[in-house]
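Values in this text are rule-based calculations from the coordinates and carry no lab data. Owing to the predicted nature of the structure, the values given are computational and were not obtained by experimental measurement. Note that each Cβ is placed from the backbone with ideal geometry, even for glycine, and that neighbours are counted across all protein chains shown.
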Amino acid sequence: MAAPHAQNPSKRRGAELGAYATLSIISIFCAIPFFWVLLASIDGNASLFLQWPRELTIDNYVRIFVKEDGTRWLLNSLFVVGTATLIVMVLAGLGGYALSRTRAWWKRPFLYTILLIRVLPTTALIVPLYKVLLTANNGLGTVLREIFGNGPARQILRYVGFIDGYLGLILVLATMQLPLALWIMKTFFDTVPRDYEEAALMDGATLMQRIRRVLIPLALPGLGAAGLFAFISAWGDFLLPLILLSSPELQTLPLGLFRAFLRVNTIDYGFLAALAFVYLLPAVIAFGFARRFLVQTFSGGVKG
Amino acid sequence: MTYEKRVSWQLRLILLPSVLLLFAFVIYPAIYSVYLSLTNEALTGAAALNPRFVGARNYIRLFNDPKFWNSLLVTFLFVIGSAVIGQFVLGLFSAILLRRPLRLKPLFNSMILLPNAVPEVVAGFMWISMLAGGERATLSRIVAFFGVEPTDWLQTFPLTMIIIVNTWRGIATAMILLTAGLSAVSHEVYEAARMDGATPRQIFTRITLPLIAPTILLYMLVSTVSTIAIFGFVYALTRGGPGGATELISIYIYNQSFTAFQLGYGSAVAVVALVFSLAIGVIYVRVLKVEV
């Protein structure tokens, strides 16, 4: 224990009280910004300031889903982030397995590269990334227009386009979560003994059967951790949708919240707070599940 | 083909999709940014149609650009203030105090962890209310208790405020890592020190700190690179203002590239940020002797 068990009981109580006081201050500092969002979201006359609602109402939430496009934003977010998370889990599951089992010369360079990729800030990559996606998008657009004509091509691009289309955002979001997920899965498979696979191999199972029947069941906890972290990080991302999306139909929750806030003259704090809460909730739930994996993941870098 | 060989090809094959994605959206853009930074590439105007190679001109301009140096300084102060001091000190306090068997421990723990889950835009939005101007804003009301005059916090102390917000977001990260570090220190060491009559203060500075030094270093490196990458909540709060006071390098890159539409110049700034982060990454791998 860092704290000494002082022989003197009054001294010990004093230390205990000090601990409570310090932790209370830190906790209140952490919790206080949440109150406003919670209270304002159920307040009929919400303002920028923290106040006790005079009348409780769910009107703000109703407005998000009925009058404004909140349903679409939420579905867009769930679709984009959900698909990206799924891609990350599949690719990291396969890739992590390969990285754990291979004895090839490229194993160490590859792992070091992944570590270094993790430190590259997305903000610094965004400009060339935008150019790359723009070029790819223009190429794809030309091809699609050749085949389907102008109108249908635009509709298709909405889904498979790299700029202002679902596919581009999904792939980039997934890629940004991939290094950590690969690392988690590689570390995870390192702890799974090879005996199981070898037994399956003896029974004549193919690679795909081995993965489906043996490895996926064994890897579920690791995949859960990798998926949760990918989801939380992609869900909270603001820069990529800000740069890659412009159509209102594709707008996700962070953009909806940000743009609703920019309507300076008609800021409706109750609506914004409710929207912020809707956006916040899935992240908090996912974080609750991810809690027990936090330690391993953060220190994963050192212990390997 | 031998069995061994087939397995080794299969492993390569299932790693391939990850490699392709990482190459297309991270490695190639990182290399391409170096090329872009040597051109006058733009989003609009003549340069957009016909970008030219301009050599080191962007870097010369960068060197003489006070706004660039300002953004480096702001980023530096932001990292020192929030990651190195704010999050670390509060995280260390929390980690040490939460080792006691306190009854409210789970509650404290959850409350400290909560900000970590908040998406960036929501964080910015919550703090706009906290830091608003006027007597009725939350921070103004709290400090009024201590006789401090209310002010428009984001206008008067912009950098300090975003440091406070980022501290708020990251106490949990520091706490989690340092808790892991602390729990690796054995109880006997403390017992022995106490037998020898060491004071709590001596125990902390002579035993706890040195023994968790590697964890502290790991935390510093990890939090420094992740703090350099911060964009969302600061952009939502201040958009870099007022007058560049919170223009972190990430916001400067964004403003140059997507507000001023100068992709070439924005890339030059981005290359600087990439080099910095890579350097820290290499230190991280080498100093901590990461095992792979």
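Structure values in brief
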read-out	value
Cα-based Rg of segment A:107-241 normalised by 2.2 N^0.38 Å, two decimals	1.38
Cα pair distances exceeding 40 angstrom across the protein assembly as shown, given as percent	31
Contact order normalised by residue count of segment B:26-287, Cα under 8 Å, 6+ apart, percent	33
For A:101-113, mean number of other protein chain Cβ atoms within 10 Å	3
Shape category assigned to segment B:27-92 from the gyration tensor of Cα positions, a/c cut at 1.5	prolate
Residue among A:181, A:226, A:136 with the largest mean-square fluctuation in a Gaussian network model of chain A, springs linking Cα atoms under 10 Å	A:136
Charge tally in the Cβ shell below 14 Å around residue A:36, where Lys, Arg are +1 and Asp, Glu are -1, residue A:36 excluded	+1
Peptide ranges A:88-98, B:224-234, B:156-166 listed from the most packed, as the mean C-beta count within 10 angstrom indicates	A:88-98, B:224-234, B:156-166
Burial ordering of B:68, B:88, fewest other beta-carbon atoms within 10 Å first	B:68, B:88
Burial order of peptide ranges B:91-97, B:8-14 (average beta-carbon count within 10 Å, highest first)	B:91-97, B:8-14
Chain A: C-alpha gyration tensor shape, a/c 1.5 cut-off, then a/b vs b/c	oblate
Shielding of A:79-91 by partner chains, average beta-carbon count, 10 Å	1
Proximal aspartates and glutamates to residue A:67, defined as alpha-carbon separation beneath 16 angstrom and excluding residues fewer than eight positions away on the same chain	A:59, A:249, A:268
Whole-Å semi-axes of segment B:50-136's equivalent ellipsoid (Cα gyration tensor)	41, 19, 14
Most to least packed among A:233-246, B:138-151 [average Cβ atoms within 10 Å]	A:233-246, B:138-151
Directionally averaged shadow of segment B:175-258, computed from the convex hull of its alpha-carbon atoms, nm²	7.6
Sequence-distant lysines (8 or more away, or on other chains) whose Cα lies within less than 27 Å of residue A:186	A:107, A:303, B:5, B:289
Chain lengthening between residue B:64 and residue B:204 when straightened (0.36 nm per residue, less Cα-Cα)	45.8 nm
Volume per residue that the Cα convex hull of segment B:26-287 spans, once the total is divided by residue count, Å³	170
Over the protein assembly as shown: helical MRE at 222 nm, DSSP H runs n ≥ 4 each giving -39500 (n - 2.57), nearest 500	-22000 deg cm²/dmol
